[in-house]
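A.B. asks: Here's a structure for you.
The values are calculated or read from the model by the stated rules, or taken from the named source; none is laboratory data. Keep in mind that what you see is a predicted model, and the values were worked out from it rather than measured. Because the Cβ atoms are built from the backbone with ideal geometry, glycine has one as well, and the counts that use them run over all protein chains shown.
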Amino acid sequence: MPKAKHILGSLTFAFAGLTWLYHGHAFERSPPVYEVDGQRYYLHPGNLATCTQAAAFAPLGAPGARDMHLRCEDWFRRHGVWDDVTQRRRVLAAGVTLTLIMAAGLVLAVRFEPPPPKIVRGPQLLTGRRARSAIRIISRSETRNTGEGITFPPGIPMSRDRESRHMLITGAVGSGKTQTIQHLILEAMQFGDRMLVLDTKGDMTERLPGEITLIAPQDARSAIWDIAADCTTKQDARELAARFIPKSSDPMWAEGARELLVACIVSLQIERPGNWTWSDLHARAILAPAELIVLANACHPAAAQILGDAANRTAMSILTTFKAHIHVLEAIADAWAAGSSSTFSIASWLGAASAPAPVILQRDGRYPQLTNAWIGGLVSLLSAHVCSPAFCESGTRRIWLFLDEFPQLEAMDDLASLLDLGRSKGVRVVLAAQDTSQIRINYGRDRTSAWLSMIGTHVIGRMNPGEGAEDMSRAVGMQEIERVSRTENLSAGTRSISRTPQRSVRPVVTPSELSSRLGRKGRKVRVLVMGFGEDVFEVDLPIVSLPKQREANIPALWTQANPPAPLQRKLPPPMDPESPAETPRPRLLTPDDLVRIRKPKPGGSGA
């Protein structure tokens, strides 16, 4: 019934408007023409209107209307315009009749439509201008306390406090996750913020404007990760070893192998502080078992105690587990031994006086173990630096982590630290996943639920039917509604009508609505936004088509057949990873640049 009401209302206004326009054109702007002695004359619009009114009221018996109608008809016939006037009157009468029919249908639809349910308690779904107006009011109140940050939704400044409470974007393929992240990245670039972007599809590498720092062992343009500058303590070595040697069914063998890798790293930290490479680490890792035990005894006795005698079965099992994962180190040593003139250090990046170029971590599905190892290790050491007390708290520092499709990587336990402790250090984390079931697979149900409650802003795109859509529907919440039930009773020939209020609970947005209501709508993407108060907001995000800036991937030599032998490189000494001084940061993008980038191109399509 509500749909019929809307259709009838639209048709009523459409026919009324068309009838009015026709009346103005046929009876005022272009009245009938008649000729007298060869001269062409237009019938005066006032006289034509008088005759038309007389013709309309004559059948109703209005005094004088019939006589006026007969005189007008006689005059029109004598001047040869009677047929023309009659035709115009018929068209006008048909328009008036159709308008009245539609209006009558609208009245009946409204009359018999049941009243909408009253929301007693719980969130509401706000759409269109009402949604944007409500978000603007809430954001204006928040920005008074902590200042304005990036704009989200577009055109509405978000408070800096809300930025630091992080963001989670969920949605199926093609639901608008990339568009949302692109908008946030462009806004952060305008502020001149530090950015670390996880690129799972190559589109960020290909289309992100301006200069970038690419970290990708499989790409020839990759900067070399200066591991000696970032891995400076034994605990750093443990975090790195946990990424290169994953957990196994029997924790004993994996833990022992990790301690052995820690011994290799610690030996380099002692012998060549700040001046060792991935190739050096690989060379230590492929030492003979007896040499590894000697190394462990000298630099990391805990590993030597676990191994004991190299000839016993326990030591052999640990050494076998250790050697089974060395191939990842070998690939990194080949990739980052030579070929790049630039290096990247987390400590240097965090301590730079001005905002460096955005750092892109490019994931490659061809090398999942390699990708999981180096990206997980880099994020772990980044978390260690940020969460260290030496990295002081700041209300003005702005560091963004954009992790698109992050469940594609192995579980990164350090994300919890960044979400919790990084807030006071100026870290803003933007996570994107297809649905919460992906997150639960890697991080478990309890941790996923904790993250959903910890993150301040949720953006929900179109969801495919399934458990993920049901999770999001539950996350949006339930509302209690009240409907009025109308009952007719017939007793002793007397009819009575009773109205009884009935309360029930329903989802604010059902799982099916997450599939049908959201998604791409023309040149916009429709999403749900949660976190601005109790209600849920349906907003449209404009599609931004970024032009191609560079190739998405240029294969490194080691990925090709018969690559040349790797060359050894000596990396520069690391920077002191102290908390950076708060200095003004240059803007990477100006407002004019944003307008130019976001301006839609004819025939363009959004990612």
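A.B. asks: Just to be sure before I move on: is Leu370 more than 23 Å from Gly519 (Cα to Cα), at pLDDT 85 or above, in the same structural domain as Arg165 (by TED's automatic domain parsing) and assigned to a helix (DSSP H, G or I) in the structure I sent?
C.D. replies: Working: more than 23 Å from Gly519 (Cα to Cα): yes; at pLDDT 85 or above: yes; in the same structural domain as Arg165 (by TED's automatic domain parsing): yes; assigned to a helix (DSSP H, G or I): yes.
Yes; evaluated as a whole, the condition is true for this residue.
A.B. asks: I've got another one for you. So, in the range 293-302, of the ones that are under 48 Å from the mean Cα position of the chain (by Cα) and part of a helix (DSSP H, G or I), which residue ends up farthest from Leu319 (Cα to Cα)?
C.D. replies: Looking at residues that are under 48 Å from the mean Cα position of the chain (by Cα) and part of a helix (DSSP H, G or I), I get Cys299.
A.B. asks: Quick check: is even one residue across the range 329-337 exposed (fewer than 15 other Cβ atoms within 10 Å of the Cβ) and out of contact with any Phe, Trp or Tyr (no Cβ under 9 Å at 6 or more places or on another chain)?
C.D. replies: First, the residues of the range 329-337 that are exposed (fewer than 15 other Cβ atoms within 10 Å of the Cβ): none.
No, the range 329-337 contains no residue that is exposed (fewer than 15 other Cβ atoms within 10 Å of the Cβ) and out of contact with any Phe, Trp or Tyr (no Cβ under 9 Å at 6 or more places or on another chain).
A.B. asks: Looking at (1) at pLDDT below 90; (2) under 28 Å from Ser417 (Cα atoms), find the lone condition where Ser175 falls short.
C.D. replies: Here Ser175 clears every test but (2).
A.B. asks: Within 30 Å of Glu330 (Cα to Cα), touching a residue at least 24 places away in the same chain (Cβ under 8 Å) and within 20 Å of the chain's Cα centre (by Cα) - does that describe any residue in the range 375-392?
C.D. replies: Taking every residue of the range 375-392 in turn, none turns out to be within 30 Å of Glu330 (Cα to Cα), touching a residue at least 24 places away in the same chain (Cβ under 8 Å) and within 20 Å of the chain's Cα centre (by Cα).
A.B. asks: Every residue in the range 435-451 that is at positive phi and within 18 Å of the chain's Cα centre (by Cα), please. Spell out how you get there, then give the answer.
C.D. replies: At the first step, the residues of the range 435-451 found to be at positive phi are 444.
None; the set is empty.
A.B. asks: Could you count how many residues in the range 1-32 are modelled with pLDDT of 80 or more and either among the polar types (S, T, N, Q) or more than 21 Å from Ala93 (Cα to Cα) (or both)?
C.D. replies: The qualifying residues number 4.
A.B. asks: On to the next question. Which residue, of Ser473, Ser498, is buried (at least 18 other Cβ atoms within 10 Å of the Cβ), among the hydroxyl-bearing types (Ser, Thr, Tyr) and either on the phi < 0 side of the Ramachandran plot or not in a strand (DSSP E or B) (or both)?
C.D. replies: Ser473
A.B. asks: Let me ask something else. Would you kindly identify the helices (runs of 4 or more DSSP H) lying entirely within the range 139-211 that contain at least 2 residues that are surrounded by 23 or more Cβ atoms within 10 Å (Cβ to Cβ) and in contact with a Lys or Arg (Cβ under 7 Å, 6 or more places away or on another chain)? Steps first, please.
C.D. replies: Values: elements: 160-164, 177-191, 203-207.
Answer list for the range 139-211: none.
A.B. asks: While we're looking at this one, here's another question. What strands (runs of 3 or more DSSP E) lie completely within the range 29-126 and have 2 or more residues being of a type in the set (Phe, Trp, Tyr) and over 30 Å from Arg526 (Cα atoms)?
C.D. replies: 39-42
A.B. asks: Filter the range 359-374 for residues that are touching a strand residue (DSSP E or B) at 6+ places or on another chain (Cβ under 6 Å) and free of Cβ contacts under 8 Å to residues at least 60 places away in the same chain and give the result.
C.D. replies: The initial filter retains those residues of the range 359-374 that are touching a strand residue (DSSP E or B) at 6+ places or on another chain (Cβ under 6 Å), namely 359-362.
Selection gives nothing.
A.B. asks: Still on this structure, I have one more. Of the conditions (1) among the small types (Gly, Ala, Ser); (2) within 30 Å of Gly105 (Cβ to Cβ); (3) within 60 Å of the chain's Cα centre (by Cα), Gly61 fails just one. Which one is it?
C.D. replies: Just one mismatch for Gly61, condition (3).
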